[in-house]
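Right, one structure below, let's go through it.
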Amino acid sequence: MSEEFYYDLVVVGGGPAGSSAAFAAAKNGIKVALIEKENTIAETVRTSGVTWIQNIKEFGIPDNCFNPIKNFSFCSPKNQVTISDTIPRAAVLDVRKTYRWLAKEAEKCGADVFVKTNIKNAIKNKNGDIVGVEGIGPNGKITFNSKVVIDASGFPSTVCKAMEFAPQWERFGAGAEYEVKAENVDSDTWWLMVGQEYSPAGYAWIFPLGDNIVRIGVGVGKPESNVDPTQRLKEIIEKKLGPIKKLGKLTELEFHYGLIPNDGLSRKTVFNNLILVGDSAGQANPLVLEGIRYAIKFGRVAGKVASKAIIDGNTDEKSLYPYEENWRKDIESKINSAGKVQDRWIGLTDDEWDKELDIIKELKSEEFIDFIKADFGLSNMLKLATHHPKLAVRQLFNLVKGKK
Ligand SMILES: Cc1cc2nc3c(=O)[nH]c(=O)nc-3n(C[C@H](O)[C@H](O)[C@H](O)COP(=O)(O)OP(=O)(O)OC[C@H]3O[C@@H](n4cnc5c(N)ncnc54)[C@H](O)[C@@H]3O)c2cc1C
């Protein structure tokens with residue numbers, strides 16, 4: 001059997017970017033389809049789910065969707081630092097609960113959610129512009145005609161590739177993670193673990209979710225290293241390396257695996273009748289490969305701009321451009337600066353990491369958070385680069401500003 005539908009807007013991908021785009025567009029009163037290939041929203045978890053309390057509040061994510069974090073521990077082979085705060089500024093999300101809440105919000109505003117629907121092709125008009133998508137749904141072939149398509153399919157960027165607008169990502173992060181029940185967990189404290197034994201081009205982590213559950217993971221930069229993150233994760237758990245030892249007995253609950261683009265902001269993200277958002281647009285902070293808050297924030301912007309263009313009756317590239325202008329203004333310079341710090345971090349030896357942690361030790365909690373979030377406001381950075389009491393910190397922030 002084949003089915004055919006007509007919508008104002010079709011959003012491909014029911015992750016944080018897609019659900020947020022569908023929410024904002026449906027709220028503006030247009031007819032929206034949100035399409036997810038898996039059996040349910042967030043069936044497969046591909047992320048560690050760390051984000052920031054300030055953004056959680058801004059998005060209205062309910063309190064039962066996250067575990068707050070107020071201590072930030074870093075360890076290298078021979079060094080360790082914990083930056084403690086009086087209030088929690090970070091959080092580890094219950095990813096399924098959060099992503100399902102985001103999709104529900106879209107549904108409540110009137111978006112139709114299609115699951116088990118795998119989009120494979122773009123439908124083009126005679127000018128070569130996209131006018132819909134098609135794929136396989138629960139009942140066979142399925143076709144969606146629409147005025148605008150939003151590609152929120154994440155790393156695979158299905159629609160963008162079907163339109164031949166961009167090749168596959170060349171530089172990306174690959175991450176593997178076990179969600180485990182552990183004997184001893186400090187649920188206020190996260191760990192980032194750096195050095196060759198944890199990851200030759202990346203880092204390992206322990207992120208607590210509350211109730212003695214933690215996510216232990218390894219991320220590896222590609223093509224910089226050919227290490228398999230799953231293999232490396234098994235090795236560091238078996239060796240009980242660093243802070244993993246303190247967790248005591250571990251009982252595996254789930255395994256997660258995912259890829260995240262790290263090519264910088266290399267893609268154009270608006271075309272006639274088409275917007276790319278989230279990982280499909282490469283909108284991630286490269287320092288710690290963090291993209292959930294950008295996916296939600298710019299998903300909402302994409303939905304708003306697309307719905308306005310549809311209501312105004314013109315959906316060409318120029319009419320959709322305010323979306324690209326919005327996100328570039330917000331994050332382009334920050335992401336570029338974060339890329340410079342990441343390039344430095346990827347090349348560090350174990351000894352150099354030990355010394356780098358001495359620099360990180362000098363940061364106040366807010367400075368550390370701004371740094372790791374790549375929230376490099378220029379006046380902040382100027383202040384730190386010129387007035388911080390420690391020379392090494394000044395040099396680190398000069399790097400962010402672009403000086404040698
Ligand atoms: C190992 C790892 C750890 C990470 N940790 C963090 C972290 O701690 N904090 C953070 O902020 N970010 C983290 N990230 C990044 C973060 O997960 C992404 O930036 C974020 O998920 C991007 O959201 P998205 O909606 O663009 O894409 P996704 O979350 O990937 O969602 C895309 C959705 O589209 C669906 N889809 C794909 N193709 C099709 C198709 N053809 N048809 C229909 N549906 C389709 C998928 O099933 C999926 O549901 C991590 C990434 C990895 C790989």
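Structure notes:
- Filtered GluC sites (Glu not before Pro), region 154-223: DSSP coil and at most 12 other beta carbons within 10 Å: GLU164, GLU170, GLU183
- Pairs of Cα atoms nearer than 8 Å and 6+ residues apart set the relative contact order; for the chain it is 20 percent.
- Evaluated at q = 0.19, 0.27 Å⁻¹: base-10 log I(q)/I(0), Debye formula over Cα of region 253-301: -0.65, -1.05
- For LYS355, the aspartates and glutamates whose Cα comes closer than 19 Å to its Cα, not counting residues fewer than 8 places off in the same chain, are GLU197, ASP343, GLU367.
- The three principal axes of the C-alpha atoms in region 261-404 carry coordinate ranges of 57, 29, 25 Å, sorted with the longest axis first.
- In the calculated pair-distance distribution of region 25-109, the portion above 18 angstrom amounts to 57 percent of the Cα-Cα pairs.
- Kirkwood-type radius of region 172-261, with distances r between different C-alpha atoms, in Å: 12.9 Å
- In the chain, helical runs assigned H by DSSP with n ≥ 4 each contribute -39500 (n - 2.57); averaged across all residues and rounded to the nearest 500, the mean residue ellipticity at 222 nm is -11000 deg cm²/dmol.
- Here is what passes the span test in the chain: the DSSP H helices with alpha carbon length of 20 Å or more along the helix axis and a Kyte-Doolittle mean of 0.0 or above are 292-312.
- For region 238-279 versus region 158-237, the inter-centroid distance based on Cα atoms is 6 Å.
- Taking all Cα-Cα distances within the chain, those exceeding 39 Å account for 19%.
- The string of couplings for region 216-225 from the Karplus curve (6.51, -1.76, 1.60, θ = phi - 60°) is 10, x, 9, x, 10, x, 10, x, 4, 10 Hz, one whole number per residue in order, with x for Gly and Pro.
- Size estimate for region 337-401 follows the Kirkwood approach: the inverse of mean 1/r over distinct Cα pairs works out to 11.9 Å.
All of the numbers you see were taken from the coordinates with simple rules; none came from a lab. What you see is a predicted model, and the numbers here were worked out from it, not measured in a lab. So basically every Cβ, Gly included, is an ideal-geometry build from the backbone, and we count neighbours across all protein chains shown.
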